[in-house]
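Have a look at the structure below, then the notes.
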Amino acid sequence: MPENQEPRIGVYVCHCGGNISGAVQCELIAKALKQLPNVTITRTDESLCSDAGQSMIEADIKELGVNRVVIGACAPMLHEQTFRGAVTRAGLNPYLYQHIGLREQDSWVHGHDKQAATDKALRLMSAGVAKARLLQPLEPIRLGAEKHALVIGGGVAGLRSALDIARQGLRVSLVERSPFLGGRMAQLESVFPTEEEARKLLHALIEKVAAHPDITIFTQAEVTGVAGYVGNFNVHVQQHTRGVTNENAEALMAACSQEVPDEFNYGLTQRKVIYKPYAGCYPSTPAVDWENYNGEPISLNGKQVVLKDEPKAFELNVGAVVVATGFDPYTPPQGEYGFGELPQVVTLPHLIRHLALTKNGQPLQWNGRAIRDVALIHCVGSRQVEGIHQPQADGQVNNYCSRVCCTATLHMTAELHKRYPQLNIFDLHQDIRTYGRGHEEYYRRTLEDGVRFLRYNGEELPKVSAAPKGDIHPVLVKVKDRLTYGEEIEIPVDLVVLAVGFMPRDIHGLEKMLKVSRGADRFLLEVHPKLRPVETAVNGIVLAGTAQGPMNIQESLSAASAAAAKVASLLGRGHVELPPFVASVDEHKCNGTGACVEVCLYEGAIALQTFEENGEQIKRAVITPANCVGCGACVSACPNQAIDVQGWTLAQYEAMVEAIGADMSALAEVAS
Amino acid sequence: MDNLRIDALIIGGGIAGMQSALDLADQGFQVALVEREPSIGGRMITLSKVFPTLDCCSCITTPKMSAVAHHPNIHLLTYCEVQSVREHGTGFDISILQKPRYVDVSKCTGCRDCEYECPITVPSPFDRNLGAYRAIRVPFSTAVPQKAVLDPEYCLWCGKCEQVCPVEAIDFTQQPETFNIEAASIVMATGFDLTPMETKKEYGAGKLHNVIDPLMMERFLAPTGPYGRVLRPGDGKEPTSIAYVQCAGSRDETLNITYCSRVCCMYAIKQAMLISGALPMAEITIYYMDIRTFGKGYEQFYQNAKAMGVEFVRGKVASIKEDSDQNPIVKVEMTDIGEIVERTHDLVVLSQGIIPASSPILRGGSTQAVSLPLGSDGFIYVPAPDSAPCVTERAGIFVTGTAMGPMDIVDSIISASAAAAEASAYIRENGNRVEAHKEALYA
Amino acid sequence: MSVQNQQPKILILGTLSGGYAGADSTGQSHLDYPANTYILPVMSPVMFPPEFYLRAFERGIDGIIVMYSGTDSPYKVEAEGTAKLINRAYQMMKERGIDIRRLRLAAICTVCVKPFLKEVNQMNDLLKGIGFVKDELAGRASAMAGKETAHG
Amino acid sequence: MTVQNKTLSRGEILKHLRTQHPQAVERAQALLKEQKHMQQELCAFFREKPRTVPEAAQATGIPASKVLWFVAAMKKYGIVVEAGMCGDYPLYKKAEEN
């Protein structure tokens, strides 16, 4: 085994196509490090991660007998796996390799001082060499993986993910918080660009999901706890009672008299507390809205029926989790463009529901008033500017584009024009962003339809106020229109529609349970937009749809299928491999103090076991790798220094610190 | 060559094709990836840095190229073209042409001795013909496979390469070869081209020396680019005034390309930022109608560029001419002030749009290999984009990336994984999966 | 090539789920900070016994920032456990005459660019003021030597 | 390669390939002639002292864009090297011969 021989270290410094070599003098570093003991070869390369770069390393392992590899390149997050692969292909244990991040933590942050950047790189690389001398071969921990995935969220992304995972031969549990599937898509009437009926498409998908033998659907259910790791997550779920049976549901719903605003129609209508959001919903059985039900008995056929929620808790063992928790439409604060103050100011989702409730042939009215002039304002709750827009509760503004609203607005505009050709429509925008396939068509069509487009500047927003008394229109919109060279235009209208953007949904509890994080825009964060666009930093937890950021239906579907592909790759074999970075006990040093067991908070990770040695009963600490997370609490607790985390040993850190603190002048001189 | 039986054939070795291949192969499916160029990597490998993270592009592309090349479940077929596709039971019979490289890839070490010896210098399409290589060459420094290829269009057949090759890899006896693949499914990842500059007469029809396409600028900004710096191609001047003309070939009724190409706003802004870094004194103007920075982190990127001093001028560029020093003169209708002005720049980049790659696989020529209906925009038609975004009209054939319309890299990669999910489900549901599965060591 | 031994050295122990990733984020934003900072990735700093920090000071490290993930850590014991260990290290530093401000514990998240910069700059400014640790250690040693002489 | 069952020698193979691609060979020969001439002239000019592309274009009568393209090629293959700037134009000189 080459790894048991005297270390022969190969050191490689990547130019990263100028990204590193622009600040760090890579050749000098290579020359200097060549002086260190055990260093067999040092090289630089334009791009180590390229096939040629990797082949070079492989050749050195095979031909020069290099048995430890140190690479200075971009962040290990990006390419550690790449080089582990190269090292493995050359026949070396993948853990006999050390990665030093010279780009994100050196050249990109110290570019103004090349001398200092080079000096830092030299110390970091020499620390890498110091660690490499002490590296030991390690074997990954192979764990059985549940061929079962959990999908959180029963909107279009969650449904699609569930279906695609099941189609790969895995079992799926789908957990939906509300009593009905479909999410936000159910609230739409038609979809762009095909103009198909949204609920028809949705139901086709739901039917496939419901009919799939490997998918179990839990509605009115929420995740209450998550433990474990990739391949073996233990998920606690709480599911509420539906409250009615198939037999008595319709009758109870008819008999129920308590009403609340219907969130399906954004409060435009009332619904009962035993309800169905719309005809043809899935499941078709009504459900009790436990949050609002006042507990009073309902009289049915002379009997007084009191509905009771008896939530049941259960556990699911799954190998991976898909987070498809969706988004919320932005709710403007009171006063933004008159919202909440003027009754004639509504949001686009409101209008979509209002139009759905207005039968074909009926005149368009709002609050009993006929509508002849309507203004739509884009970018409400999107592309916000600090200092101009009122911050959210967390103090931040939504500085992102919500991507969907431009086409959604023009889609609505086209629909309005089709149904009410005499309507005067004003469209107030900053930029029209009809980017998708077939989207530009809506822009072209609405221009032909005579929709009046006005362009405002993001720093000079339109103003919406009550019209002066006596005006025939209730609302006055004022906008400085860039298309007429900044002239202020006054538009008296009957209705103002705010094209609201996407808000990240408040799922703080779930985030904490899953240990996933949010980006600067507060949507859930992927590892890297191109390298791993639907995976989170937590192995086995992937994202689908608008929980990750604004997306339209088509994009949500693609993201959901992509998430399914990742889950299938992960669980398809029935086992996952985990990195071997777990605690290991040196039995010669351990004398069974039990200090390690005391500090460990992971059940079953470490225990004292009794052995017989030379006829004596002795106690020694024993690790169960699958339960150990490698935090190292036991390492600092052990009075005998008998425990280490494999691959991250205390001795390795001591060696690295020594290298960083060392006087480098002799090394540097040789290189100059 | 024996007939290959596989689960999925991926047509196109750009980022979308590579990602689809990797996702299928990681699930244990047997995949063949066919690429008509001598190297995989597609358009992405030619880019400098990518938005919005400004990662070095090759740092993201080369590992995927390498992973494709090393994956035990992927058969990589470069310099090959699909000739015909016939339905066969529940799968397809595909005939593939291996074009002769005149180099034995099993022997070639990619040392480039032949390239240095070759007497003929020819324009390199990898550098948008502004850089050069030789009639025999390794296509570019990070090519996969890292093997030489001889271009018969420029070869003198002098034999010098054969004389210097240290491993006797030059093989003048190679002939085009045809072989067959049986595949249970097909993923189309045939990619895009830029809208041709020649069609835009008012912008100089591609004849003005210092009016360039955006992929040229990518090469100038890349560390391995033809000049190693940003110079204008007319005379090698370092430009101090650079303009971008947005929607040059998109949203343009005169070209019958009415759609938005999605990526042009972001690449123009990105290039403007990179130029600001490379040439701090340069003034950069972007002439636009609408700025469409809609993706995750894109709006912030746009605002950063504004803060850095990139000038955004809302206006439609009516025409471009050049003065006696070959400086392009841009005539623009400034919509904010309602005036038509003429401005002279050192260099103009036309933010050209995206059209489907002129692949003989899809249309034209005598092959018509995969007959798939196209949408009115010329891209592969997807009948149900809001329920199955990667499914084409022909059962078992899926589409991904820019073959189905303009798309940026992030969207292409997600779409590629989605196509892999569709294809793998289709293969299972048809029950004609290939038996042998190898496990990947590391993807 | 020459090396700069005139700068005090700052060792940063950054968790993969916190400080180390935060430093990468700072790099992705291309934000400058002092170059005398050496970041080592750690799974969790709860693995380091207090003596580790003492030995680091002896090896010429002038300041240490432990950038852990705090209550956001994927490890249950990290937040509390690390704080306890650092407190023990403070005790030992006091005994050795080392300014305890040379050791900082800070919670840094994966996108905590501003807090990362603040911590680094603060430590750098502090070290400019209080100087090298070797002088402190030597001062302590000479003081000890002085005491012994006085006793003798 | 065999043509009509006759095994060809190396020279015959190349000759055969030349006859197979007559137009390409003709074009390549013309190109080779032009490039040899261009390389000679430009190298001579750059050997004197570092020069810019427009200077080289003026001295040789070759269009500046073509000079730049060829200089980029010569730079790639180590025949010329960059030697500082003159105003907005990089200077090129003949590489050291070894």
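Taking the Cα centre of the range D:3-94 as origin and assigning +1 to Lys and Arg Cβ atoms and -1 to Asp and Glu Cβ atoms, the resulting dipole is close to 400 debye. Of all lysines in the structure, those lying under 29 Å Cα to Cα from A:Lys469, and not within fewer than 8 positions of it along the same chain, are A:Lys478, A:Lys480.
Here's the picture: a label point sits 7 Å out from the Cα of B:Met334 along the beta-carbon direction, and within the range A:423-461 nothing has its amide nitrogen under 12 Å of it. Note: the range A:2-140, Cα convex hull, 87 Å³ per residue. Here the gap between A:Leu143 and A:Glu603, fully extended at 0.36 nm per residue and compared with their Cα-Cα distance, gives a gain of 163.9 nm. When the inverse distances between all different Cα atoms of chain C are averaged and flipped, the Kirkwood radius reads 16.2 angstrom. For chain A, take the longest principal axis of its alpha carbons; what is the angle in degrees between that and the long axis of helix A:156-167, to the nearest 10 within 0 to 90? Approximately 50 degrees, to the nearest 10.
Taken along the Cα-to-beta-carbon direction at a fixed 7 Å, the label points for A:His236 and A:Leu64 span 5.5 nm. Semi-axis lengths, largest first, of the ellipsoid equivalent to the range B:281-334 are 26, 14, 8 Å, with √(5λ) applied to each eigenvalue of the Cα gyration tensor. Using Stokes-Einstein with the Kirkwood hydrodynamic radius over Cα pairs, what translational diffusion coefficient do you get for the range B:1-123 at 25 °C and a viscosity of 0.890 mPa s, in µm²/s rounded to a whole number? Answer, rounded: 151 µm²/s.
Plugging the Kirkwood radius over Cα pairs into Stokes-Einstein for the range A:261-348, at a temperature of 20 °C and a viscosity of 1.002 mPa s, what D comes out in µm²/s? For these conditions, the coefficient is 123 µm²/s.
Would you please give the FRET efficiency between D:Glu96 and A:Met56, computed as 1/(1 + (r/R0)^6) with r the Cβ-Cβ distance and R0 = 22 Å, to the nearest 0.05? List each step's numbers first, then the result.
Working: r = 27 Å, r/R0 = 1.24.
Computed FRET efficiency for D:Glu96 and A:Met56 comes out at 0.20.
Beyond a 22 Å Cα-Cα separation, which of these cross-linked pairs lie in this structure: A:Lys120/D:Lys76; A:Lys131/C:Lys114; A:Lys147/A:Lys200; D:Lys33/D:Lys76; C:Lys84/C:Lys128; C:Lys9/C:Lys94? Show your work: numbers first, answer last.
Numbers: A:Lys120/D:Lys76 32 Å; A:Lys131/C:Lys114 30 Å; A:Lys147/A:Lys200 31 Å; D:Lys33/D:Lys76 20 Å; C:Lys84/C:Lys128 28 Å; C:Lys9/C:Lys94 20 Å.
Over 22 Å Cα-Cα: A:Lys120/D:Lys76; A:Lys131/C:Lys114; A:Lys147/A:Lys200; C:Lys84/C:Lys128.
Across the range C:90-95, computed HN-Hα scalar couplings (Karplus, 6.51 cos²θ - 1.76 cosθ + 1.60, θ = phi - 60°) run 4, 4, 5, 5, 4, 4 Hz from first to last residue, x flagging Gly and Pro. With a cut-off of 19 Å on the backbone N, the residues of the range A:406-433 near the modelled label site 7 Å out from A:Asp471 along Cα-Cβ are A:424-429. Projected over every direction and averaged, the convex hull enclosing the alpha-carbon atoms of the range D:3-94 yields 7.7 nm². Go ahead and run the numbers for FRET between A:Ser257 and A:Tyr278, Cβ-Cβ distance against an R0 of 25 Å, rounding to 0.05. For A:Ser257 and A:Tyr278, the calculated efficiency is 0.75. Dipole magnitude for chain A: computed about the Cα centre from +1 point charges on Lys and Arg Cβ and -1 point charges on Asp and Glu Cβ, it is near 1060 debye. Once you divide the Cα radius of gyration of the range B:159-200 by 2.2 N^0.38 Å, the number left is 2.17.
Name the residue farthest towards the positive end of the dipole of the range A:249-305 from the options A:Phe264, A:Pro277, A:Ala251, assuming +1 on Cβ of Lys and Arg, -1 on Cβ of Asp and Glu, about the Cα centre. About the Cα centre, the residue reaching furthest to the positive side is A:Ala251.
Each residue, D:Glu34 and B:Ala395, gets one label point 7 Å from its Cα in the Cβ direction; the gap between the two is 5.5 nm. The distance between label points at A:Thr224 and A:Leu300 comes to 2.6 nm (points 7 Å beyond Cα on the Cα→Cβ vector). Largest first, the three principal axis extents of the alpha carbons in the range A:77-164 are 56, 36, 18 Å in whole numbers. Please give the net charge around A:Pro261, taking every other residue with its beta carbon less than 15 angstrom from that of A:Pro261, where Lys and Arg add +1 and Asp and Glu add -1. Once all neighbours under 15 Å are counted, the net charge is -2. With the charge dipole of the range D:3-94 set up from +1 on Lys and Arg Cβ and -1 on Asp and Glu Cβ about the Cα centre, the Cα lying farthest toward the positive end among the listed residues D:Cys43, D:Ile79, D:Thr7 is that of D:Thr7.
At the listed q of 0.09, 0.10 Å⁻¹, the Debye profile of chain B, built from one uniform point per Cα, gives log10 I(q)/I(0) equal to -0.61, -0.75.
With N as its number of residues, the range A:354-443 has a Cα radius of gyration that, divided by 2.2 N^0.38 Å, comes to 1.29.
Any idea what % of Cα-Cα pairs in the range B:102-175 are farther than 18 Å?
31
Using a ≥ b ≥ c from the Cα gyration tensor of the range B:195-354 (square roots of the eigenvalues), is it rounded, prolate or oblate, where a/c under 1.5 gives rounded and otherwise the larger of a/b and b/c decides, a/b for prolate? Because its axes are fairly even, with a/c under 1.5, the range B:195-354 counts as rounded. Magnitude of the charge dipole for the protein assembly as shown, about its Cα centre and with charges confined to Cβ atoms of Lys, Arg (+1) and Asp, Glu (-1), is about 940 debye. Using only the C-alpha atoms, the convex hull of the range A:249-305 corresponds to 79 Å³ per residue.
What number, in nm² with one decimal, is the all-direction average of the projected area of the convex hull of the alpha-carbon atoms of the range A:331-503?
Average of the hull's projected areas for the range A:331-503 equals 10.2 nm².
With R₀ fixed at 22 Å, the C-beta to C-beta distance from B:Val164 to D:Val81 puts the FRET efficiency at about 0.40.
With the convex hull drawn over the C-alpha atoms of chain A, the volume per residue is 217 Å³.
Counted by Cβ distance under 9 Å from B:Thr258, the other residues give a net charge of -3, where Lys and Arg count +1 and Asp and Glu count -1.
Exposure proxy for B:Ser124, A:Ser47, B:Ser276: other Cβ atoms within 10 Å of each Cβ, ordered fewest to most, give B:Ser276, B:Ser124, A:Ser47. Starting from a Cα-only point model with no solvent, please compute log10 I(q)/I(0) by Debye for the range A:583-645 at q = 0.15, 0.24, 0.26 1/Å. Result of the Debye calculation: -0.39, -0.94, -1.09.
Taking the square roots of 5 times each eigenvalue of the Cα gyration tensor of the protein assembly as shown, largest first, gives ellipsoid semi-axes of 49, 46, 34 Å.
FYI, it's all coordinate maths here, none of it is from the lab. Fair warning: this is a prediction, and the values are worked out from it, not measured in the lab. Cβ: placed from backbone, ideal geometry, glycine included. Neighbour counts: every protein chain shown.
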